[in-house]
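Here is the structure we will look at.
Please treat every number below as a calculation from the coordinates, not as lab data. Just so it is clear, the model here is predicted, and its values are computed rather than measured. Cβ coordinates were reconstructed from backbone atoms using ideal geometry, including for glycine residues, and neighbour counts include every protein chain displayed.
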Amino acid sequence: MPGAMCDSLLNLTLRHVIDHLEEYCNKNDNLLTLLPPGVKNKLLKACTVTSHYLNKGRVNLKHILPALLNYQTVAVDLTSVNAC
């Protein structure tokens, strides 16, 4: 099933990017801005639903939101993100 393999590869890639988010998202070289809107939305959802990455100080919210927000972003749920 080619569709299942592509989906699996996409999910593995997203997991890798999320696990190494601080390497892809910094104020000098934000590589997340280069991703297509659909991938940005999946990353945004994963990062805000599992706010571990944002709450543990690994990633600055000021850097990640501008990089991931795009014309296809409808809403962002930040209720699980600690403001401190």
Nearest-0.05 FRET efficiency for K45 and H20, computed from C-beta distance (R0 25 Å): 0.90
How far, in nm, would the chain grow between L34 and L69 when pulled straight, counting 0.36 nm per residue and subtracting the alpha carbon separation? 11.4 nm
